[in-house]
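The values are calculated or read from the model by the stated rules, or taken from the named source; none is laboratory data. None of these values were measured; they are calculated from a predicted model. For neighbour counting, all protein chains shown are included, and Cβ atoms are generated from backbone atoms with ideal geometry for every residue, glycine included. With ligands, DNA and RNA removed, areas are computed over all heavy atoms of the protein, side chains included. Shrake-Rupley method; radii C 1.70, N 1.55, O 1.52, S 1.80 Å.
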Amino acid sequence: MKFDTPATDNPIDQMKVVGRAHDRIDGPLKTTGTAPYAYEWHDEVPGAACGYVVGSAIAKGRITAMDLHDAEHAPGLLAIVTAANAGKLGKGDMNAATLLGGPQIEHYHQAIAVVVAETFEQARAAASLIHVKYLREPGAYSLAEQKPAVTTPPEDTPDKNAGDFASAFAASPVQHDAIYTTPDQSHMAMEPHASLAVWEGDKLILRTSNQMIAWCRSELAKTLNIPEEKVRVISPYIGGGFGGKLFLRSDAVLAALGARAVNRPVKVTLPRPMIPNNTTHRPATLQHIRIATDEKGQITAIAHESWSGNLPGGTPETAVQQSELLYAGKNRLTGLRLAQLDLPEGNAMRAPGEAPGLMALEIAIDEVAEKAGVDPVEFRILNDTQVDPLHTERFFSRRQLIECLRTGAEKFGWHRRNATPAQVRDGRWLVGTGVAAGFRNNLLEKSGARVHLDAQGNVTVETDMTDIGTGSYTIIAQTAAEMMGVPLEKVVVRLGDSDFPVSAGSGGQWGANTSTAGVYAACVKLREAIAEKLGFDADSAVFTDELICQGDRTAPLAEAAASGTLTVEDSIEFGGLDKTFQQSTFAAHFVEVGVDIATGETRVRRMLAVCAAGRILNPKTARSQVIGAMTMGVGAALTEELNVDKELGYFVNHDLAAYEVPVHADIPEQEVIFLDDTDPVSSPMKAKGVGELGLCGVSAAIANAIYNATGVRVRDYPVTLDKLI
Ligand code: MOS
């Protein structure tokens, strides 16, 4: 199905099943421990050997000697695979560094060997007996040090200009010019990266934990130099991804190589302390923001430039994305700068671009609003734009930032706020409130599905879409139930298998809208097949209560499959509506904090998010996405930071003991409001995504609340207590 004109009324609008709060249908499997995760397919694949990954102890240089003798004689040892004996490997298109390094070393903890033994403990013990000699080479590890030398944009991301920023800025009565920084961050998904590889002849079956089945399959085939048809990837349950599992990583490659070496199934998990340096992370940014307004607070000039670093072949953090679209202003400048660093690879983490971009921009907006003497909520409303400021003929499909701000202000009690900082005390706490806008683009990806109707009237959906804890199983079941007019209990959803049609996968918050739209398309086809079989007209027939109805004629759906299961397949393809309209999602975040007058410790006291993101397919799973994202925003604001050793070039605090994420006790009441909305331009589902939107802006709202509480403006995240006293 080609989607190239705005959606009209369709069966999804019935909202008998879609749009209802429904528990996750995979919930009982997960809470009872019966959902198999990548490392846990004991019954399906008995007798797997265990691989333990050895990571490089230097950040840059080369291996001069690798002595395997002691390790090879360790108990239980089956094989040691290194770049020297793995055979010639290819390289995928999506990883900057090689996933099995050596002799050249590109970053700290780059995998240099996998040790395969009977048990995990034996593999780990043997790995400790490998003696490696390195020749260290100097590397670049500090973004701040590299910044002055990086003055031009990367080739494929030119600066975007409108009007004359410099003159307009200089001529404006209110000016703000400041640098903001965000640190390197780690996804820290609960389930570590893990893979279980089985070779059946020359065919590889990989059970793994990956957000994007089709990407994983083709990247793995390229890396192993085998045809894609010889790879099957299975990933039905995933314990969190956040972008850290978008790409093929070393666990998958090394499980495949290990299994080939020992000729039996091998499973590999990355131990927690290995993950931040071995896999990807959100790169640190250094952001220069300049905003000027007239006397009334109307933005006259806005510039946002962002520096980030990456390995050769890596991409920049696109932290200026939202600044191109969020506020009006005739004179504009946005640009990205990319420094070459020898730190581990930077890549997507939840709301890449907007999340760190808004951490900076939304503090800057607070600062310029104060300079202009305008309330921060009103300032954002005053500077709203209904068109893409760079292409003024291009409208947003839906844009309700103003409604989000007004609804939130009312609900949060914003009018009670004291705008003068450091005026409100509650015992030992200085209390303050802050606001920030949330913004995240709505991306569209092709997505396919297969649906079956059997003789009992059951509908089975198959797609390689993944569920990373987001609720994909549930919203896909709701979509099929609505389309086919059957109760949810009659729908079976099977996900995460490369034998199923290729979906949009779980990334960029496009998964909910586009994967259900693919299922919608397949269900339209199934309705046609059923109508034809039973002599109905597909366009005017109604599918309800497990029946197909037309006029006074009805027939049970199951009848269409009486002589054999009906199976159809289709996909949704998007035909350019995203070029005609700018499609984005919007939010307003309101936060109240208390800052300890003596220690400077911040406690979040109250959080409210108001989101406008098209039709909400399931308010319960959507709310879970947003409160999870708000929690991530608390971590980003207050604690999360990978500390870079600028001499040796690695992330020092590479475990959950020292990389601090919020725990339940850190999180107060969180409230989420979804504006009642449909967006017919986004897909037949009229939905968008919320999983990343929920994070966008949260941290700045917290930083702004801390300023209101204390009068201390911190522009470097995380806002730890040492920066407040
Ligand atoms: Mo998201 S960072 O595209 O999983």
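Kirkwood's formula applied to the C-alpha pairs of region 1-118 gives a hydrodynamic radius of 19.5 angstrom.
The trypsin sites (Lys or Arg not before Pro) found in region 321-363 that occupy coil by DSSP, while having at most 16 further C-beta atoms within 10 Å, are LYS330. In this simple spin-label model, placing a label point 7 Å from the Cα along the Cα-to-Cβ direction at both ASN225 and LYS446 gives a separation of 3.0 nm.
Scattering from region 236-303 was approximated by placing one identical point on each alpha carbon and applying the Debye formula without solvent; log10 I(q)/I(0) at 0.16 1/Å stands at -0.72. With a cut-off of 13 Å on the backbone N, the residues of region 597-634 near the modelled label site 7 Å out from ARG425 along Cα-Cβ are 597-598. Calculated from the alpha-carbon coordinates, region 405-447 shows an Rg and a Dmax of 17.0, 55 Å respectively. Sequence gap at least 6, Cα distance under 8 Å: using those rules, report the relative contact order of the chain to the nearest whole percent. Rounded, it is 18 percent for the chain. Spread over its residues, the convex hull of the C-alpha atoms of the chain is 160 Å³ per residue. Note on region 134-224: the alpha carbon radius of gyration divided by the globular reference 2.2 N^0.38 Å gives 1.92. Could you work out the relative contact order of region 287-420, using alpha carbon pairs under 8 angstrom and six or more residues apart, expressed as a whole percent? It rounds to 24 percent for region 287-420. The solvent-accessible area of TRP429, taken with every protein chain present and a 1.4 Å probe, is close to 50 Å².
Max-minus-min Cα coordinates of region 585-724 on each principal axis give 52, 37, 25 Å, with the largest extent listed first.
The listed peptides 475-485, 410-420, 58-68, 522-532, ordered by packing as a protection proxy, come out as 475-485, 522-532, 58-68, 410-420 (highest mean of other Cβ atoms within 10 Å first).
Residues of region 406-446 falling in the label zone of ARG603, defined by backbone nitrogen less than 17 Å from a point 7 Å along Cα to beta-carbon, are 424-433.
In terms of packing, defined here as the mean over residues of other Cβ atoms within 10 angstrom, the peptides 9-16, 93-100, 231-238 line up highest first as 231-238, 93-100, 9-16.
When nucleic acids and ligands are ignored and a 1.4 Å probe is applied, MET632 ends up with an accessible area of around 30 Å².
What net charge is computed for the residues neighbouring ALA538, neighbours being all others with C-beta under 11 Å from the C-beta of ALA538, Lys and Arg scored +1, Asp and Glu -1? Summing Lys/Arg as +1 and Asp/Glu as -1 gives -1. Shape descriptor for region 294-388: Rg over Rh equals 1.05 (Cα atoms; Rh from the Kirkwood inverse mean 1/r). Counting only protein heavy atoms and using a 1.4 Å probe, the accessible area of ASP342 comes to about 10 Å². Measuring how big region 495-615 is from its alpha-carbon positions, Rg and Dmax come out at 23.5, 78 Å. Dividing the convex hull volume of the alpha carbon atoms of region 174-244 by its residue count gives 150 Å³ per residue. Over the chain, dividing the summed -39,500 (n - 2.57) contributions of all DSSP H runs of at least 4 residues by the number of residues returns a 222 nm mean residue ellipticity of -7000 deg cm²/dmol. Using a probe radius of 1.4 angstrom, the carbon and sulfur fraction of the accessible surface of the chain is 51%.
Reducing region 284-348 and region 424-444 to their Cα centroids gives an inter-centroid distance of 21 Å. Available extension along the chain between ALA178 and HIS664 is 171.5 nm, counting 0.36 nm per residue and deducting the alpha carbon span. Computed extension gain for ARG406 through SER142, at 0.36 nm per residue and net of the alpha carbon distance, reaches 90.9 nm. Computing FRET efficiency as 1/(1 + (r/R0)^6) for THR580 and ALA166, where r is the C-beta to C-beta distance and R0 is 35 Å, gives about 0.60.
Beta-bridge orientation, the chain: approximately 75 percent antiparallel, per DSSP, counting only bridges with both partners inside.
With a simple spin-label model that places each label point 7 Å from the Cα along the Cα-to-Cβ direction, the separation between ARG20 and ASP655 comes to 4.7 nm. Counting only protein chain heavy atoms and rolling a 1.4 Å probe, the accessible areas of ASP645, ASP552 rank, largest first, as ASP552, ASP645. Considering all C-alpha pairs of region 255-343, those separated by over 23 Å amount to 52%. Accessible surface comparison of THR516, THR602, THR315, probe 1.4 Å, protein chains only, largest first: the order is THR315, THR602, THR516. Counting only lysines at least 8 places from LYS16 when in the same chain, those with an alpha carbon closer than 27 Å to its own are LYS2, LYS30, LYS446, LYS490, LYS525, LYS533, LYS620, LYS686, LYS688.
Can you give the alpha-carbon Rg of region 446-500 over 2.2 N^0.38 Å, where N counts its residues?
So region 446-500 has a normalised radius of gyration of 1.07.
Each Cα pair under 8 Å and six or more residues apart adds its sequence gap; the mean of these over the residue count of region 187-256 is a relative contact order of 45 percent.
Across the protein chains, with a 1.4 Å probe defining accessible surface, the residues ASP202, ASP70, ASP679 rank ASP202, ASP70, ASP679 from largest area downward. When you filter the GluC sites (Glu not before Pro) in region 239-338 for DSSP loop state and at most 16 other Cβ atoms inside 10 Å of their Cβ, you are left with GLU295.
Each semi-axis of the equivalent ellipsoid for region 630-694 is √(5λ) with λ an eigenvalue of the Cα gyration tensor; in descending order they amount to 36, 18, 8 Å.
Couplings 3J(HN,Hα) of region 610-622, computed from phi: 10, 10, 10, 9, x, 4, 8, 5, 8, x, 6, 5, 5 Hz, in residue order, whole Hz [Karplus 6.51 cos²θ - 1.76 cosθ + 1.60, θ = phi - 60°; x for Gly and Pro]. Looking at region 482-546, the pairs of alpha carbons with a distance over 15 Å make up 61% of the total.
At a temperature of 25 °C and a viscosity of 0.890 mPa s, determine how fast region 384-520 diffuses translationally according to Stokes-Einstein, using the Kirkwood radius over alpha-carbon pairs as Rh; express D in µm²/s, rounded to the nearest whole number.
Approximately 131 µm²/s, per Stokes-Einstein.
Within region 208-271, the proportion of Cα pairs with more than 19 Å between them is 27 percent. Gain on full extension, evaluated as 0.36 nm per residue between ALA84 and LYS2 minus their Cα-Cα distance, stands at 24.7 nm.
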